[in-house]
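None of the figures in this text is laboratory data; all of them are computed from the coordinates on show. Because the structure is predicted, anything quoted here is derived from the model rather than measured. Heads up, the Cβs are rebuilt from the backbone with ideal geometry, glycines too, and the neighbour counts pull from every protein chain shown.
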Amino acid sequence: MVKQPHVLVLPWPAQGHVMPMMQVSQKLVDHGVQVTFSITESLHKQLLANLSSSLKEGVRNDLNRIRIVSRPEGLEYQNQEKASDYLEGLVTKTNEEIDGGNNGEEKVSCVIADAGVYWAYEPAKKMGLKIAMFCPTSLAVTAMTLHIPKLIEMGIINENGTPLKQEMIKISPALPEINIEDFLWIRTYDQGMGKLLFHMGFSISKSIKLADWVLCNSFDKLEPAACDILPYIRTIGPLVGSSEVNQTMGQFWAEDSTCLTWLDSQPVNSVIYIAFGSITTLNRDQFSELVHGLDLTGRQFLLVVRSDMTDAAIAYPDGFTEKGKITRVAELKKLSMDSASEGGSSSKNFSNFVEALKCQGKCGVTAAPK
């Protein structure tokens with residue numbers, strides 16, 4: 001009997017990272033792979049609270065399919081030694097629980113880590129575990145991130161990510177140019193977050209060399225040019241839920257399904273969609289500019305506003321709310337599924353990855369170039 005692999009999944013602690021990695025986990029379980037999912041303590045409580053609320057409404061319970069465990073806050077800010085100690089301790093504890101449970105589970109043999117969880121790659125490799133890097137961003141963004149060492153070498157930025165030259169960057173003839181000032185760590189208003197984002201991006205260019213597989217939440221027809229310059233990255237997206245899988249697993253907030261009914265009543269390609277993820281915050285002036293800009297378009301809109309997105313009192317222009325739909329959390333998976341269905345999924349790449357997992361990496365998907 002072939003032993004089923006056991007993977008440890010480590011997402012970056014933000015909604016746009018946790019959700020697709022939870023969907024990866026569910027797909028792995030559907031293929032017979034055992035999954036332990038590690039998330040920060042605060043988000044662990046938030047995730048379970050939302051799931052508990054959904055279960056009261058009759059949603060299928062998938063908690064028994066995936067082992068969800070919490071991890072300390074702020075490992076991204078710790079030194080490598082502390083982060084390494086945590087990962088080693090988590091793997092050891094998980095394996096000890098398996099040994100004592102007699103439930104047929106296998107010990108952890110692979111880590112699937114978000115590209116941003118850079119602290120996990122070296123210790124996982126030292127422990128002899130297989131490593132899959134997961135990129136939740138688009139392939140084009142991943143390509144730009146991997147270009148950071150080249151930007152330093154060319155003298156366009158320094159080793160802290162500060163621009164030294166004001167110029168347009170073109171990493172491939174097939175991809176559009178981007179202004180150096182528009183790179184994420186430069187564009188952010190929070191200097192501390194900008195420093196972290198640059199360090200994370202620079203670390204990804206090192207971590208990818210340790211990965212046995214590199215997976216991305218995109219699909220070939222969406223980004224053919226980026227696929228051509230990153231042929232070793234396997235697209236497995238779009239990672240959206242299905243009717244057979246619990247739609248609330250990995251969601252931090254309860255979804256507002258009323259927006260779908262409203263959206264279905266609007267003409268095709270007539271609605272502007274605006275959302276800022278789970279960590280972006282806006283001050284009073286920024287939010288006011290956003291709202292007035294939308295108002296001036298004269299278009300229908302679907303605006304997602306988190307309760308913690310701004311610390312200012314929200315005031316809308318007269319008649320603004322009647323021109324569109326304002327919701328706390330839209331059913332993003334359903335919207336994504338509808339818009340991306342023509343491009344299809346990357347089921348072949350995912351199946352090859354599962355095959356490689358089950359044969360201990362001796363077949364199937366290849367790794368990034370060393």
Task: Estimated dipole of segment 146-187 in Debye, rounded to 20 [Cβ of Lys and Arg +1, of Asp and Glu -1, Cα centre] - done: 60 debye
Open item on the list: Order 108-118, 136-146 from most to least packed using the mean count of other Cβ atoms within 10 Å.
Closed with: 108-118, 136-146
Task: Two-site label geometry, Lys195 and Ser42: point separation in nm, points 7 Å out along Cα→Cβ - done: 1.9 nm
- [ ] Could you work out how far apart the two model spin labels at Thr162 and Lys209 are, taking each label as a point 7 Å from the Cα in the direction of the beta carbon, and quote it in nm?
- [x] 2.7 nm
Task: Rough spin-label spacing in nm, given labels placed 7 Å along Cα→Cβ, for Glu181 and Lys126 - done: 4.3 nm
